[in-house]
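As structure tokens, the structure follows; a few thoughts come after it.
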Amino acid sequence: MHDGDHDMTIAFVGNPSVGKSAFFSRVTGVGVMVSNYPGTTVEMTRGTVKVGQKKIDIVDLPGIYSLGTSTEDERVSKEYLVREYPDVIVNVVDATRLERNLYLTLQILELGVPVVIALNQLDAAREMGIDIDAPKLSQILGVPVVPTVATKGIGLDEVLKEAVDPSLSPEGRIRVHYDNHITNAINDLDVDFPDTASVIKLRALENDADFVRMCCRPHEADLLLSKASEMASEIEDAHDMAISDTMARDLYGEAGQIADSVLSIVEKDTSLKHRIDDMLTSEYVGIVGLAAALLLTFLLVFRVGGFLEEGIVHLFETYLIAPVEAELATSNPIVRNVIIYSLLGIEAGFAIAIPYIGVFYIILSVFEDSGYLTRAAFLLDNLTHRMGLHGRAVIPLVLGLGCNVPAIMATRALNTLRERRIASTLIALIPCSARTVIILGLVGTFVGYWAAVSIYVLEIFIIFITGWILGRGLPGERTGFIMEMGPLRHPDVVSTLKKTWLRIREFVYIAFPLLIVGSALLGGLDTLGILDIFENAVSPISVGLLGLPAFAATALVFGILRKEMALEILAVLAGTANFALVLTPLQMYVFAIITTIYIPCVATIAILKHELGTKDTVMISTFTIVLAFTVGALVYQLGMLL
């Protein structure tokens, strides 16, 4: 169903990690995150493209494995397909996992919406020695099948041309051969509900009440569910298994037969890529490689970011701040402080945040697009089991190194509230890129690289202990999960740079205005003496307990808005970005530890409230504050003794 601004709507549907978001990004030019791991598209994304004279509204739905209701992703996608009813569905299928993907395809074909299959990742399939007869697959399914390689833009235009073809219709497509008991039940339901589609009756037999109520009027839905429930009980007694398992068996059986008839395996020598893959996922070499990759990541961020920071600070101090200070020497104190503090805020943003965040996101994008993140998740799977988490939960935890907000959103893919609560709590403690700015920009630059690394080691220890306690003490259902691992890929340079800019852009557009306004406000408050009143009030804690300078307390408050602002405001209040002039190494270390652990930023608090509710958000925030000040005080006291 299209709106008045578009001629038609096309929905992109597929399993996670099939290249759907890459396809969407290529054809629409909209900047979505394109990653080679499960769970990347958590929320629906839209874009517009013109095909001939037609203006098309394209919707990228969350990656799903079925039209069931076990995860938030599946619920969102199913609800859109049933309620919005797109004109055409483009089902993006992973050629390297054809049988698994066809399970969803067969369910989509039951919906009665015109469908085009984009047989994607054919390059990866060929590398694995897999050959698929696309024309034969099209003939069997009764819908167009177009071979594609989304990352290279191959076949995408043809998919869209097939999708807008007026002759495309839901007629003549394959029908799944369900068990006789199920087929007879559908025929019986046809008598009482002749105008209701077969797919709705199938979902009613599975007791998928959400689906049925989305499609039918309330009274009709209740009657259908009641009648179907009676039939389902008889079928379950006959098969001695749940009817959903019987249907899944039939769907997988059909998918397997189709895959076998169109797929052939060509024996190939083990390629260098496969040998590298085996090493990356081996128990010992893989763990050593992962540790080395993380150390190298932080070393690159530290070296490159530090080099850029030093150059930018020199330029600002020499050619902007010093001349402006000289010009304003005799002006009104409030005006002078507001202007100088604002310039110091701009300097802090350019010199401290962007160099470190930019370099970190480039490396994270390479890890994502190459497929290395899923290998890291595989290696850490046993560790997360000890924290009451499984498989797919590793991905949000690793994502947290970039930003806690999308990482917490990605926990929607976990099956139970218990797992989401544990994962969200741990993500709130993970050093995101903004915290990395503080650790490397302060401790790494002015204390030493290994001192900065020690903070990450301490964080890992705290996260593991917290997870271990929650895993054993938090009540709730425990489930397992099998995580798919996509093939290794060569990261696309353009895609990597595009993704990096999209992430930095959020900082430039949102954090910069906050930073400048906040700095100007501080300038005014400082002139009026209000900052002194606040700092004196909290000095028993900030100075007495933690050993920090009085002005550090104000910086910590601003860190709640955005984590990196704690360091940027610290530079503003200190009057310099050369922290060695105003802080001791121990003070820098304690400040970095507290900022890394204490209350999440406002955006993270907001997403925690949205995902888990007010009670859990307050508990997580309170826990992190108490933990931060406890650890900070212990480190300070230990540092004084040494």
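Just so it is clear, none of the values below were taken in a lab; they were calculated from the coordinates. The model shown is predicted, which means the values in this text are computed figures rather than measured ones. Cβ placement follows ideal geometry from the backbone for every residue including glycine, while neighbour counts extend to all protein chains displayed.
In the chain, the longest principal axis of the Cα atoms and the axis of helix 493-506 are about 60 degrees apart. Taking θ as phi - 60° and the Karplus parameters 6.51, -1.76 and 1.60, the scalar couplings of the range 103-109 work out to 4, 5, 4, 5, 5, 5, 5 Hz in sequence order, x denoting glycine and proline.
Each other residue within a Cβ distance under 10 Å of Pro355 adds +1 if Lys or Arg and -1 if Asp or Glu, for a net charge of -2. Evaluated on the range 8-163, the Kirkwood hydrodynamic radius is 15.3 Å, with distances taken between all distinct Cα atoms. Antiparallel beta bridges, as assigned by DSSP with both residues in the chain, represent about 35 percent of the total such bridges.
In a reduced charge model with +1 at each Lys and Arg Cβ and -1 at each Asp and Glu Cβ, the range 8-163 shows a dipole moment near 320 debye about its Cα centre. In this simple spin-label approximation, Leu474 and Ala248 carry label points 7 Å from Cα along the Cα→Cβ vector, and these lie 2.4 nm apart.
The stretch between Leu295 and Arg83, if pulled fully straight at 0.36 nm per residue, gains 71.5 nm over its current Cα-Cα span.
Evaluate the Debye formula for the chain with equal point scatterers sitting on the alpha carbons, no solvent, and hand back log10 of I(q)/I(0) at q = 0.08 Å⁻¹, in q order, two decimals. Debye curve over Cα of the chain, log10 I(q)/I(0) at q = 0.08 Å⁻¹: -0.68. The mean sequence separation of alpha-carbon pairs under 8 Å and at least six residues apart, normalised by the residue count of the range 180-265, gives a relative contact order of 24 percent. When Met588, Met128, Met279 are sorted by how many other C-beta atoms sit within 10 angstrom of their C-beta, beginning with the fewest, the order is Met279, Met128, Met588. Charge dipole of the chain (Cα centre as origin; +1 on each Lys and Arg Cβ, -1 on each Asp and Glu Cβ, all else neutral): 1720 debye, rounded to the nearest 20.
Report the Cα centroid-to-centroid distance between the range 230-269 and the range 435-458 in angstrom, as an integer. The two parts, judged by their Cα centres, are 53 Å apart. A crude spin-label estimate for the pair Ser226 and Ser454, with each label 7 Å from Cα along the Cβ direction, gives 7.2 nm.
Residues whose amide H falls under 5 Å from that of Arg46, counting only those 5 or more places apart or on a different chain, are Asp60, with hydrogens built in the peptide plane. Neighbour counting of Cβ atoms within 10 Å sorts the residues Ser17, Ser244, fewest neighbours leading, into Ser244, Ser17. Each residue of the range 8-20 is assigned a 3J(HN,Hα), and the resulting list reads 6, 10, 10, 9, 8, 10, x, 5, x, 6, 9, x, 5 Hz, derived from the Karplus form 6.51 cos²θ - 1.76 cosθ + 1.60 (θ = phi - 60°), x at Gly and Pro. Along each principal axis, taking the top coordinate minus the bottom one, the Cα set of the range 180-265 gives 52, 27, 22 Å in descending order. The length gained by stretching the chain between His314 and Glu99 to full extension, at 0.36 nm per residue less their Cα-Cα distance, is 71.5 nm. Across the chain, the relative contact order, built from alpha-carbon pairs under 8 Å that are at least six residues apart, equals 12 percent.
Sequentially through the range 577-591, phi angles give Karplus couplings (6.51, -1.76, 1.60; θ = phi - 60°) of 8, 8, 5, 4, 7, 10, 10, 7, x, 5, 4, 4, 5, 5, 4 Hz, Gly and Pro residues having no value and appearing as x.
Over all distinct Cα-Cα pairs of the range 511-642, the Kirkwood formula returns a hydrodynamic radius of 15.5 Å. Which one of Ala329, Ile339, Ile560 has its Cα pushed farthest toward the positive end of the charge dipole of the chain, where Lys and Arg give +1 and Asp and Glu give -1 at the Cβ? Towards the positive end, the residue furthest out is Ala329. Of Phe12, Gly47, Val146, which is farthest along the charge dipole of the chain in the positive direction, counting Lys and Arg as +1 and Asp and Glu as -1 at C-beta? Positive-end residue among those listed: Gly47.
Where does the chain land at 222 nm, in deg cm²/dmol rounded to the nearest 500, when only DSSP H runs of n ≥ 4 count, each adding -39500 (n - 2.57), divided by all residues?
-19000 deg cm²/dmol
Peptides 342-350, 432-440, ordered by how many other C-beta atoms sit within 10 Å of their residues on average, highest first, read 432-440, 342-350. Which entries of Lys54/Lys273; Lys20/Lys563; Lys55/Lys201; Lys136/Lys161 show an alpha-carbon separation above 31 angstrom in the structure shown? Listed pairs above 31 Å: Lys54/Lys273; Lys20/Lys563; Lys55/Lys201. About the centre of its Cα atoms, the range 157-289 shows a dipole size close to 380 debye [charges on the beta carbon of Lys, Arg (+1) and Asp, Glu (-1) only; nearest 20 debye].
Could I get the Rg over Rh figure for the range 96-199? Both from C-alpha atoms, Rh via Kirkwood, rounded to two places.
On the way: Rg = 16.4 Å, Rh = 15.6 Å.
Checking Rg against Rh, the ratio lands at 1.05.
Counting every other Cβ atom within 10 Å of each residue's Cβ, Ser169, Ser424 order from fewest to most as Ser169, Ser424.
Each part reduced to its alpha carbon centroid, the range 541-609 and the range 163-228 end up 59 Å apart.
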